[in-house]
Every structure is written in C-alpha cells, then in structure tokens.
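As structure tokens, the structure follows; a few thoughts come after it.
The values are calculated or read from the model by the stated rules, or taken from the named source; none is laboratory data. All values reported here derive from a predicted model rather than from experimental measurement. Note that we place each Cβ from the backbone using ideal geometry, even for glycine, and neighbour counts take in every protein chain shown.
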Number of protein chains: 2
Amino acid sequence: MAAPKMPTIDQMLCFAVYSTGHAFTRFYKPRLEALDLTYPQYLVFLVLWERDDVTVKALGDKLFLDSGTITPLVKRLEARGLVTRRRDEADERQVRVQLTAEGRALQAKAEAIPLAVIEGTGMGLDAADAMRRELFALRERLDAVLGE
Amino acid sequence: MAAPKMPTIDQMLCFAVYSTGHAFTRFYKPRLEALDLTYPQYLVFLVLWERDDVTVKALGDKLFLDSGTITPLVKRLEARGLVTRRRDEADERQVRVQLTAEGRALQAKAEAIPLAVIEGTGMGLDAADAMRRELFALRERLDAVLGE
DNA sequence: CGCAATTGAATTGTGCGCTATGTATATCGC
DNA sequence: GCGATATACATAGCGCACAATTCAATTGCG
C-alpha cells in the first residue's frame with residue numbers, strides 16, 4: 001500500500017489548535033491592556049487568585065509549563081510588585097509565590113474578561129465545555145506518548 | 001445580578017487550546033528531529049511541498065503569522081540551504097520563497113509523521129475532523145472581533 | 001552516617017510570535 | 001505627472017516556551 005500523501009495544513013488538527021491558540025492570545029491582548037498583563041501572566045494570576053501561596057513547581061504543573069518559563073515570568077511580575085517570591089523554610093528547594101495587595105487588586109479589573117471571552121467565542125456553554133473536555137483528553141494522550 | 005466568579009483555568013476553553021497546542025509541539029519535536037526542523041518550520045514546508053514558490057505574504061496568510069515571524073524563520077531555512085528567497089521581478093515589494101532540491105528531499109523523510117500524529121491523538125478521523133472544523137470556525141470568530 | 005539518586009529552581013541558549021516602526025515599491029486620485 | 005495612500009517586507013525589542021545544564025537541597029538506602 002502506498003504511503004498516504006502529505007496532508008495540507010488545513011487538514012491538520014494540530015494546525016487548527018496551534019493557530020486558534022494564537023487567535024485567542026490576539027483576542028485577549030487588548031482586553032488585558034488595562035491590567036498590563038500578557039496572556040501567560042494572566043493565567044498565572046488566575047491560578048493565584050484561586051489559591052494564593054503556591055510553589056513554582058505547582059504553577060508549572062497547573063499550567064503545563066517548564067520552570068525555565070515560569071521563573072522568568074514570575075520574576076517579571078515580582079519586579080512590578082505584583083507578587084513576591086521566597087524560599088520555603090521547610091524545603092529550600094521550593095520557591096513560594098504569593099500575591100501582593102496590588103496583585104490581588106488586579107482581580108477586580110479582570111472581572112469583565114471572562115464574559116467578553118465567552119461572547120467572543122460565539123459558542124454556547126455546552127459546546128465550549130464539550131470542546132474543552134475533548135482538548136484536555138487529547139492533551140493527556142499526547143503527553144502520555146512522551147512518557148510524562 | 002452579581003458578576004460571575006473568575007473561572008479556574010480548567011474551566012477555560014482558551015487554556016485548553018493553549019496547553020494542547022504546547023502538547024502538540026512537544027509531541028512533534030522528537031518526530032521532527034530526523035528532519036532537524038521545528039514545528040513552525042515543518043508547517044512552512046507543508047505549505048511549500050504542496051505548492052512551491054510562494055510569497056512571504058502568502059505564507060503568513062496561510063499560517064496566520066506576521067511577517068516579523070515568517071521572515072526570520074524563512075531566513076534560517078535559507079541559511080541551511082533548504083529554501084531560497086528572492087524579490088519578485090514584477091512586484092519588488094514581494095519576496096518569493098522556493099524549495100531547493102534539499103528542501104524538497106526532506107518530504108520523503110517526513111512521510112511517516114502524519115500517521116504517527118493520527119495515532120498519537122488517539123482520535124478517530126471523524127472526531128478529529130469535527131474538532132478541526134470547530135476550531136477553524138472559532139479562530140475565524142475570534143479574529144473577526146479584532147477586525148481582521 | 002555517608003553517599004547516590006532524586007527533586008526543584010535557576011541559568012543559558014535558541015526559536016518563535018507579536019508590536020511598532022521604517023523602508024521601498026506599487027497604486028490611486030486629482 | 002505628482003503627491004497621498006496602501007502594500008510588502010524587514011528590523012528591533014520584548015515576552016514567552018523549551019532543552020540542556022548546573023546547583024542546591026532533600027530523600028532513601030546500605
């Protein structure tokens with residue numbers, strides 16, 4: 001049997017995910033301007049607003065990002081006085097990240113964003129939920145192949 | 001009516017897209033090692049293998065990427081002798097990108113990748129197609145809000 | 001108790017991806 | 001024909017995202 005032809009990019013699920021990810025980031029950018037945050041920074045705050053005082057490792061686990069990505073990102077936020085970083089006393093390998101009053105106060109500015117995003121997607125909540133679950137399941141299978 | 005609570009990241013479709021995009025890139029990385037290509041570079045080749053001799057503008061349009069991203073990327077491929085870049089004689093604003101023999105020959109090395117990716121997703125073709133179409137439609141709506 | 005293995009964070013280097021800006025070229029309207 | 005406008009590309013700067021590596025701290029085992 002002959003090998004299948006190379007797919008065109010429009011036939012590829014991975015390209016759909018890749019390019020839609022960029023579209024989301026572009027969509028968020030003007031809406032995060034008031035907070036002066038980038039999209040990955042906003043994700044960090046979403047984690048901290050839900051539960052303050054987490055380790056760099058926990059942040060990386062939740063966001064599926066490397067410490068090489070998390071550490072510089074959190075340092076930039078620290079430099080702006082939005083979070084603090086300090087070594088855990090019980091286990092000095094760990095660095096704990098906490099919100100400052102200013103970082104916590106950003107949440108009020110962010111309150112309108114989720115609705116704007118839902119409207120921007122033009123999707124019903126059920127459809128969005130179904131797609132979200134499928135993507136999480138897909139992410140899990142892709143990472144499982146890597147042996148993570 | 002009270003404003004809704006901030007969502008957790010696991011409730012956000014955009015985070016699902018964002019993190020699954022990274023998972024796809026991680027999944028591709030070892031499979032592209034034989035070609036010595038990154039995932040975005042591979043996407044450029046997929047466009048060129050389908051139809052050689054395209055402009056930087058056309059590449060950017062197809063991949064939904066800025067010329068600030070495409071130009072350095074293609075220059076790196078040119079430096080390795082995989083493509084050539086040259087000004088269009090009819091319209092000197094345009095730069096045309098063509099495969100070299102070496103760049104064309106890479107396609108043979110890439111033939112096994114699409115099946116590996118399909119297997120890695122663990123999804124049926126119908127399910128993958130449905131998700132792909134929904135993501136393209138979503139991308140279109142998100143970009144439409146930006147006025148692009 | 002000492003050492004090997006493991007873990008967590010940080011650093012360095014590289015490749016994006018985007019914004020803003022500048023330059024050159026082409027098009028359009030008067 | 002000329003000036004204004006638009007287009008295409010390139011550059012600079014910045015923020016990621018990851019791999020590889022290093023270092024410090026912790027854990028587990030003999």
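Do we find that residue A:40 is farther than 20 Å from residue B:10 by Cα, surrounded by fewer than 17 Cβ atoms within 10 Å (Cβ to Cβ) and assigned by TED's automatic domain parsing to the domain that holds residue A:78 in this structure? For residue A:40, the condition - farther than 20 Å from residue B:10 by Cα, surrounded by fewer than 17 Cβ atoms within 10 Å (Cβ to Cβ) and assigned by TED's automatic domain parsing to the domain that holds residue A:78 - is not met.
Taken across the range A:18-29, residues that are within 15 Å of residue B:15 (Cβ to Cβ), facing chain B (nearest Cβ under 9 Å) and in contact with a Lys or Arg (Cβ under 6 Å, 6 or more places away or on another chain) do occur, with at least one present.
Only residues that are touching a residue at least 60 places away in the same chain (Cβ under 8 Å), within 13 Å of another protein chain (Cβ to nearest Cβ) and over 11 Å from the mean Cα position of the chain (by Cα) were counted in the range A:33-48, giving 1. Residue A:141 meets all of the listed conditions (1) within 7 Å of chain B (Cβ to nearest Cβ); (2) within 19 Å of residue A:22 (Cβ to Cβ); (3) surrounded by fewer than 18 Cβ atoms within 10 Å (Cβ to Cβ) but one, namely (2). Taking the criterion of being within 19 Å of residue A:142 (Cα to Cα), assigned to a helix (DSSP H, G or I) and hydroxyl-bearing (Ser, Thr, Tyr), would at least one residue in the range B:37-54 satisfy it? Checked against the condition, which is being within 19 Å of residue A:142 (Cα to Cα), assigned to a helix (DSSP H, G or I) and hydroxyl-bearing (Ser, Thr, Tyr), the range B:37-54 yields at least one hit.
Among the residues of the range B:69-82, those identified as charged (D, E, K, R) and either over 18 Å from residue B:32 (Cβ atoms) or within 10 Å of DNA strand D (Cβ to nearest atom) (or both) are B:75, B:78.
Scanning the range B:23-68 for residues that are within 11 Å of DNA strand D (Cβ to nearest atom), within 14 Å of residue B:117 (Cα to Cα) and not β-branched (Val, Ile, Thr) returns B:23, B:24, B:26, B:27, B:28, B:29, B:30, B:39.
If only one of A:25, A:121, A:38 is of a type in the set (Val, Ile, Thr), within 29 Å of residue B:63 (Cβ to Cβ) and more than 14 Å from DNA strand C (Cβ to nearest atom), which one is it? So the residue among A:25, A:121, A:38 that is of a type in the set (Val, Ile, Thr), within 29 Å of residue B:63 (Cβ to Cβ) and more than 14 Å from DNA strand C (Cβ to nearest atom) is A:121. Inside the range B:71-82, residues that are more than 8 Å from DNA strand C (Cβ to nearest atom) and either in a helix (DSSP H, G or I) or within 13 Å of another protein chain (Cβ to nearest Cβ) (or both) make up a count of 5. Among the candidates A:60, A:68, the residue that is surrounded by fewer than 13 Cβ atoms within 10 Å (Cβ to Cβ), within 9 Å of DNA strand C (Cβ to nearest atom) and over 17 Å from residue A:99 (Cβ atoms) is uniquely A:68. Taking the range A:1-29 as the range and being surrounded by fewer than 16 Cβ atoms within 10 Å (Cβ to Cβ), assigned to a helix (DSSP H, G or I) and either at pLDDT below 95 or more than 23 Å from the chain's Cα centre (by Cα) (or both) as the test, the residues that pass are A:10, A:11.
Listed here are the helices (runs of 4 or more DSSP H) enclosed by the range B:83-148 that have at least 2 residues being farther than 26 Å from residue B:52 by Cα and more than 16 Å from DNA strand D (Cβ to nearest atom): B:113-121, B:125-145.
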